[in-house]
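Values in this text are rule-based calculations from the coordinates and carry no lab data. The structure presented is a predicted model; accordingly, all values stated were derived computationally and were not measured. Using ideal geometry, Cβ is built from the backbone for each residue, glycine included, and neighbour counts are taken over all protein chains shown.
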Amino acid sequence: MPFEFYEPRQSRRQTQPFAQITRRGRIKLNRAATRQYFPSGEFVRLAYDKDAQKVGIVPTDDANSPGAFPVRRTSNGGTSIPAKRFFDAYGIAIPGEGLSGLPVGLEEQDGITFISVRLTG
């Protein structure tokens, strides 16, 4: 019987855009979401749609933009946004274990394109 090379299967999390919100209020976009929706930008502005339970993320390079949050690129190709102040301001409670596997997409509203993260999986 000939040798067969091992080829790991990519998990859904590696190939589809997903977000995670940590219990400490960090929004983390996986590599797929970062590549597809957020290839550049050092800061973001955040918005909240209470009725739809969504967070909107708008990339910007302007550090002086009102309410701008810094963006950190992670070693695995993802993005991390420290957003605890944002969640506190809107009274959004994050469960002790955080939220993971949140769907990510693009939406346009009032001429602004948002990277949207639904807070319910």
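Could you list the chymotrypsin sites (Phe, Trp or Tyr not before Pro) in segment 18-121 that lie in coil according to DSSP, counting only those with at most 13 other Cβ atoms within 10 Å of their Cβ?
On the way: sites: Phe18, Tyr37, Phe43, Tyr48, Phe86, Phe87, Tyr90, Phe114; in loops: Tyr90.
Those that pass, being in a loop and sparsely packed, are Tyr90.
In debye, nearest 20: dipole of the chain around its Cα centre with unit charges on the Cβ of K, R (+) and D, E (-)? List each step's numbers first, then the result.
Numbers: 17 positive and 12 negative charges, 99 e Å.
Here the chain has a charge dipole of around 480 debye.
Can you give the relative contact order of the chain as a percent, counting alpha carbon pairs under 8 Å and 6+ residues apart?
Working: 232 pairs, mean separation 36.0, N = 121.
Computed over the chain, the figure is 30 percent.
Along its three principal axes, how long is the chain when you only count alpha carbons? Whole Å, largest extent first please.
Principal extents (largest minus smallest coordinate, Cα): 64, 31, 25 Å.
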